[in-house]
Amino acid sequence: VLAKLGDFDGIKDDSPVGMLFPASMRFSGNSLLVTNLSLDSRIFGFTTLDSEWCAQVKRYTVVKVPARIPHVTGLPK
């Protein structure tokens, strides 16, 4: 379960600042790379909290966050 990848801090230079709509993930060493897309759901006939922000995005980004996977004890091997 991925609880939180990062905060969204608005749009700058047509790109999301922080995590707007995490789409796909890939581990790379000790980091997690996440494509940061946007989906304006209004094209499907409904509005979400981030619809207005998503409509402003013109460039998509890849966000690099530290991959901290906690060790869980007591699980069967």
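The values are calculated or read from the model by the stated rules, or taken from the named source; none is laboratory data. Predicted model, so just to flag it, every value in this text is computed and none were measured. Because the Cβ atoms are built from the backbone with ideal geometry, glycine has one as well, and the counts that use them run over all protein chains shown. The protein model used for the area step is the full one, side chains on, heavy atoms only, and it has no ligands, DNA or RNA in it. Shrake-Rupley method; radii C 1.70, N 1.55, O 1.52, S 1.80 Å.
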**Request:** Hand me the list of strands (runs of 3 or more DSSP E) wholly inside region 3-59 holding 2 or more residues that are open to solvent by 80 Å² or more (accessible area, probe 1.4 Å).
**Result:** 8-12, 21-28
**Request:** Can you run down the residue pairs with Cβ atoms below 7 Å, 6 or more apart or on separate chains, where the first is in region 41-58 and without any contact (Cβ under 8 Å) to a residue 24 or more places away in the chain and the partner is open to solvent by 100 Å² or more (accessible area, probe 1.4 Å)?
**Result:** Ser41/Thr47; Ser51/Arg42
